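The structure under discussion appears below in the form of structure tokens.
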Amino acid sequence: MDDRQRRARWAEIFGSLASEPRLHIVELVADEAVQCQEILGQLELSQPAVSYHLAKLERAGIVHKERQGTRNCYRLREELWSLVRILMKEERSWNTT
């Protein structure tokens, strides 16, 4: 992968994260696989909207889907776990009040 392709890949990842519902999903699936129904219950969105956001995250390679019995579960890709942990830790220091 050359430099341009690498930058395009990062742009895709960060672009996919540039949404409050998708960031919420990433937080939910950061530690363990979570059933789609559980994600739906945590977000104040319709089922089609949640599916749209999950698909966008999956296409970007941020989460992956796995079957657990008859349920679809989503998990943060292991390669991004460290990055998400760093960002979540840094976020706590952003509070300037």
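Readers should treat all values here as calculations from the given coordinates under stated rules, not as data from a laboratory. What you see is a predicted model, and the numbers here were worked out from it, not measured in a lab. Because the Cβ atoms are built from the backbone with ideal geometry, glycine has one as well, and the counts that use them run over all protein chains shown.
Taken over segment 20-30, the criterion of being in contact (Cβ under 8 Å) with a residue 24 or more places away in the chain and out of contact with any helix residue (DSSP H, G or I) (no Cβ under 7 Å at 6 or more places or on another chain) is satisfied by 27, 29. Looking at 51, 16, just one residue is assigned to a helix (DSSP H, G or I) and over 20 Å from residue 88 (Cα atoms), and that residue is 51.
Quick check: is even one residue across segment 59-72 surrounded by 12 or more Cβ atoms within 10 Å (Cβ to Cβ), more than 16 Å from residue 84 (Cβ to Cβ) and in contact (Cβ under 8 Å) with a residue 24 or more places away in the chain? Yes, segment 59-72 contains at least one residue that is surrounded by 12 or more Cβ atoms within 10 Å (Cβ to Cβ), more than 16 Å from residue 84 (Cβ to Cβ) and in contact (Cβ under 8 Å) with a residue 24 or more places away in the chain.
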